[in-house]
1. Taking neighbour counts of Cβ atoms within 10 Å as a proxy for exposure, in what order, fewest first, do R61, R104 appear?
2. Pulled fully out, how much extra length does the chain show between R136 and A120, if you take 0.36 nm times their separation in residues and subtract their Cα-Cα distance?
3. For a footprinting-style exposure proxy, rank T75, T105 by other Cβ within 10 Å, fewest first.
4. Among T105, A120, G138, which residue has its Cα furthest toward the positive end of the charge dipole of the range 101-160, with +1 on Lys/Arg Cβ and -1 on Asp/Glu Cβ?
5. In whole angstrom, how far apart do the alpha carbon centroids of the range 145-160 and the range 77-108 sit?
6. Packing-wise, with mean Cβ within 10 Å as the measure, how do 113-124, 92-103, 77-88 rank, highest first?
Amino acid sequence: MRDRCSTRQARQPAMLLAVSLLGACAAPAPRPAPAPPAVAPAAELRVEPLAEVLAPAPPARDPVTGLPLGWYVPTPPPAEEPPPPLPGTAAAPEPAPPPDPARRTRFLLRENPWIAGFWAELAPAERARAERAFARRGEHDDLPAAWDRLGLAERVLLLFGPGRAPAAGQARGGAG
């Protein structure tokens, strides 16, 4: 058994040497603080004044604008908008563009898919509507063959007329 030494310290070779020389576990001796560096006396430090005062270098300039680099260049204000109309004067409404017949036909076929069917496939109410449209035209003979001969655009023109918007009840299927 060792005096006042732990087994961990005994395992360390450097400590073993210290234990054997000192005979006990002693704290290592503190190291002396390093000496402050020698400072030269104020008389030895001489600062010589410069012969001339140097002016700061001019800043680099942008070759396009001539302004120093890094300066903010404001953008011009946006173009002025025309003033609002005076109260009491109404601006003339722009005329509506002419209706596109093909677009109108597609719309009416989506709303009334029965228009694309053959005469034999039509419901009685749809047949009656087509018969009334043919009667307005003055046609009364062989309506099933006349209906089947018509193209989709001609059927829309027959049922809804040129450029006329469908009525509220006709836009959702037509057959009551």
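Bear in mind that the values in this text are calculations on the coordinates, not laboratory data. All values derive from a computational prediction rather than experimental measurement. Heads up, the Cβs are rebuilt from the backbone with ideal geometry, glycines too, and the neighbour counts pull from every protein chain shown.
1. R61, R104
2. Value of the extension gain: 3.6 nm.
3. Least to most surrounded, the residues fall as T75, T105.
4. Positive-end residue among those listed: T105.
5. Here the answer is 34 Å between Cα centres.
6. Top of the packing list down: 113-124, 92-103, 77-88.
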